1. Return the residues of segment 80-97 that are out of contact with any strand residue (DSSP E or B) (no Cβ under 8 Å at 6 or more places or on another chain) and within 16 Å of the ligand (Cβ to nearest atom); say none if nothing qualifies.
2. Go through the residues of segment 190-205 one by one and say whether even a single one is free of Cβ contacts under 8 Å to residues at least 40 places away in the same chain, within 12 Å of the ligand (Cβ to nearest atom) and not polar (S, T, N, Q).
3. Which members of segment 12-40 meet the condition of being within 19 Å of Val201 (Cβ to Cβ), of a type in the set (A, V, I, L, M) and in a helix (DSSP H, G or I)?
4. What number goes with the only condition from (1) within 16 Å of the ligand (Cβ to nearest atom); (2) within 20 Å of Asp47 (Cβ to Cβ); (3) in contact with a strand residue (DSSP E or B) (Cβ under 8 Å, 6 or more places away or on another chain); (4) free of Cβ contacts under 8 Å to residues at least 40 places away in the same chain that Gly215 does not pass?
5. From Asp63, Asp71, grab the single residue that is closer than 28 Å to Asn156 by Cα, among the charged types (D, E, K, R), touching a Gly at 6+ places or on another chain (Cβ under 9 Å) and surrounded by fewer than 16 Cβ atoms within 10 Å (Cβ to Cβ).
6. Just the residues that are in a helix (DSSP H, G or I) and either more than 17 Å from Leu12 (Cβ to Cβ) or not assigned by TED's automatic domain parsing to the domain that holds Ala140 (or both), please, taken from segment 83-107.
7. Of the residues Ile74, Ile59, which single one is modelled with pLDDT of 95 or more and under 13 Å from Leu225 (Cα atoms)?
Amino acid sequence: MSTQRGGGARRLAATDLREMKRRGDKIAAITAYDFLFARLVDAAGVDVVLVGDSLGHVIQGLDTTLPVTLDDMIYHARAVRRGVERALLVVDLPFLTYQISREDALRNAGRVLRESGASAVKLEGGSPDTCAIVRALVDAGIPVMGHLGFTPQSVNQLGVRVQAREEAAADRLVEDAKRLEEAGAFSVVLELVPGTVAERVTAALSIPTIGIGAGAGCDGQVLVLHDMLGLNPGFTPRFLRIFADVGQVAGDGVREYVRTVKAGEYPAAEHTF
Ligand code: KIV
């Protein structure tokens with residue numbers, strides 16, 4: 001039965017993900033940044049749609065996610081919201097919108113939920129300071145997804161490389177993950193960490209882990225939509241699988257359009273009023 005006023009299909013809630021982990025149901029998450037792709041991925045059955053600050057790369061053509069603004073995120077999240085009926089909609093809090101103070105974090109996360117209609121936010125890191133902010137958001141009724149391992153907003157400190165390869169770093173990652181759970185996070189993304197470390201974190205938590213470049217032992221997986229559809233051909237990390245080469249098909253389509261226009265074949269009689 002729908003629990004929503006208006007009677008539409010029930011949207012997944014942050015609490016449903018923990019239940020999915022308990023049942024052993026894998027969680028399929030994916031990013032989206034616009035209405036049509038949001039509608040497509042929701043209809044295809046994903047459980048979580050993430051409006052990631054990866055939009056800095058795949059929408060804005062930036063080298064890092066650091067310049068992405070809160071207004072950018074809200075703009076894209078509003079469009080995505082209109083396309084999502086069933087999935088849980090999570091929106092990234094961009095660089096320096098949650099680290100400065102709890103007040104700032106509350107104000108900014110509140111804006112995301114109020115102005116976009118999203119159900120949860122995601123933020124990076126698991127230090128005691130970050131977890132105090134997670135706790136403040138959760139206490140205000142804002143569900144929080146954590147993000148550990150390679151955290152793109154710290155790229156200038158970390159470089160783009162697999163994290164937690166050494167035992168001490170792996171131990172720290174497990175501690176950060178536990179701290180996030182204690183602070184009230186409802187799930188944790190693990191990005192670019194060895195599969196064995198992701199398995200340790202997954203076993204240590206009752207909230208689900210969502211992996212990207214973290215092996216098969218997580219409770220779910222997330223990919224950047226444009227990467228897994230072959231729309232970002234220069235990006236070929238080992239973990240990535242191209243599930244449909246939409247980039248190739250789209251390029252072929254546009255080349256054929258150009259050819260037919262130049263040859264005077266399009267529009268043909270049947271396209272003409
Ligand atoms: O910004 C993003 O899309 C992300 C995912 C890669 C997890 O953080």
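The values are calculated or read from the model by the stated rules, or taken from the named source; none is laboratory data. On a predicted model such as this, the values are computed, not experimentally measured, just so you know. Neighbour counts are summed over all protein chains in view; Cβ atoms, including those assigned to glycine, are modelled from backbone coordinates with ideal geometry.
1. Of segment 80-97, the ones out of contact with any strand residue (DSSP E or B) (no Cβ under 8 Å at 6 or more places or on another chain) are 82-83, 85-86, 94-97.
The answer is Pro94, Phe95, Leu96, Thr97.
2. No, the conditions are met nowhere in segment 190-205.
3. Across segment 12-40, the qualifying residues are Ala14, Leu17, Met20.
4. (3)
5. Testing whether each residue is closer than 28 Å to Asn156 by Cα, among the charged types (D, E, K, R), touching a Gly at 6+ places or on another chain (Cβ under 9 Å) and surrounded by fewer than 16 Cβ atoms within 10 Å (Cβ to Cβ) leaves just Asp63.
6. Across segment 83-107, the qualifying residues are Arg102, Glu103, Asp104, Ala105, Leu106, Arg107.
7. Ile59
For every residue, the table says whether it meets (1) outside the structural domain of Leu62 (by TED's automatic domain parsing); (2) crowded, with 18+ Cβ neighbours inside 10 Å; (3) under 13 Å from the mean Cα position of the chain (by Cα); (4) more than 20 Å from Gln60 (Cβ to Cβ).
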site	(1), (2), (3), (4)
Val189	no, yes, yes, yes
Gly195	no, no, no, yes
Thr202	no, yes, no, yes
Ile210	no, yes, yes, yes
Gly215	no, no, no, yes
Gly220	no, yes, yes, yes
Leu223	no, yes, yes, no
Leu229	no, yes, no, no
Pro233	no, no, no, no
